[in-house]
Amino acid sequence: MTEELISIRNLRKVYELGGETVTALDGISIDIHQGDFVSIIGPSGSGKSTFMNMIGCLDRPDEGSYTLDGEEVEGMKSNQLAAIRNEKIGFIFQSFNLLPKLTAEENVELPLIYRGMPRKERKEAAAAALDKVGLAERSHHLPNQLSGGQQQRVAIARALAGNPPILLADEPTGALDSHTSKEILEMISELNAQGQTIVLITHDLDVARKAKRVVSIQDGKLSENGGDWLADHSNGPKKYQRK
């Protein structure tokens, strides 16, 4: 059995919205092991964004336990959560989230600065990460000098630079055309083949199918039968729409 990186038990999150109680997560449990490539698919309002925020240590549950790479997360203070996000999780966002006035190299370096990494070491780490995604020759370009696909590659390099055990990708191809989306998904799959653990959040069936393991979320409940769900909807709409 490979090493368990994420262990979540009975996670619950409830919001009060307009005088109404909304259960965003309803007793979710899941284990994710080193080397897994898991996609979590669900429609808008299903709870997948809330769940992503929990996995990414961006929000706290009301109930339940979360162990990340051997550390219990749910009772941590804000500064501890910030530290574990920086060290344990590489984030890839739909909108790239690159700073426009920084070069590709400087954007990749940014989380390493927050980590307190010495300048020479972080420069080497950023250069190696950009080389890994095929952008070594674009390291001094600003985001507006790069295509959408290249910007997402920079974002992937930024996620990789600190050598985190987990990559958390939130709709990583949502802002890209179909050809570029395919290239980015192939890159993510290749990273997984090299041993990187990946959790991918999506509402797109074609994207979800790229993962080795598919789980679905609906009304705050998680199902490990995501693969069966994809098979049942293989001839249906590509986007998992909310009813």
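The values are calculated or read from the model by the stated rules, or taken from the named source; none is laboratory data. Please read all numbers here as calculations on a predicted model, not as lab measurements. Here Cβ is always computed from backbone atoms with ideal geometry, including for glycine, and neighbour counts include all displayed protein chains. Each accessible area value is taken on the protein alone, full model and side chains, heavy atoms only, with ligands, DNA and RNA left out. Shrake-Rupley method; radii C 1.70, N 1.55, O 1.52, S 1.80 Å.
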Review point. In nm, to one decimal, how far is the residue 178 label point from the residue 83 one, both placed 7 Å along Cα→Cβ?
Key: 4.8
Point to revise | Relative contact order for segment 111-201, counting Cα pairs under 8 Å that sit 6 or more residues apart, in percent | key: 28
Check your understanding: When ligands, DNA and RNA are left out and all protein chains stay put, how many square angstrom of accessible area per residue does segment 78-118 have with a 1.4 Å probe?
Key -> 52
Point to revise | Percent carbon-and-sulfur accessible area, the chain, ignoring ligands, DNA and RNA, probe 1.4 Å | key: 46
Practice item. Go ahead and estimate [θ] at 222 nm for the chain from helices alone: -39,500 (n - 2.57) per DSSP H run with n ≥ 4, summed, over the residue count, rounded to 500. Key: -10500 deg cm²/dmol
Practice item. Considering only DSSP beta bridges where both residues belong to the chain, give the percentage that are antiparallel (nearest 5). Key: 55
Review point. Does segment 34-117 classify as rounded, prolate or oblate by the C-alpha gyration tensor (a ≥ b ≥ c root eigenvalues; a/c under 1.5 gives rounded; else a/b over b/c gives prolate, otherwise oblate)?
Key: oblate
Practice item. Quick one: compute the contact order of the chain, relative version, from alpha carbon pairs under 8 angstrom and 6+ residues apart, as a percent. Key: 28
**Study point:** Helix 178-193 axis, angle to the chain major axis (alpha carbon atoms, nearest 10°)
**Key:** 90
Check your understanding: Which net charge results when you count Lys and Arg as +1 and Asp and Glu as -1 among the other residues whose beta-carbon is under 13 Å from that of residue 97?
Key -> -1
Exercise for review: Using label points projected 7 Å from each Cα along Cα→Cβ, tell me how many nm separate residue 137 and residue 65, to one decimal.
Suggested key: 5.3
Practice item. Any of 101/221; 88/210; 77/132; 123/221; 120/210; 13/123 with alpha carbons more than 32 Å apart? Name them for me. Key: 101/221; 77/132; 123/221; 120/210; 13/123
**Study point:** GluC sites (Glu not before Pro), loop per DSSP, at most 14 other Cβ atoms within 10 Å - longest free stretch of the chain
**Key:** 4-223
Review point. Once the Cα atoms of helix 119-132 and of the chain are each reduced to a long axis, what angle between those two axes, in degrees from 0 to 90 to the nearest 10, is obtained?
Key: 70
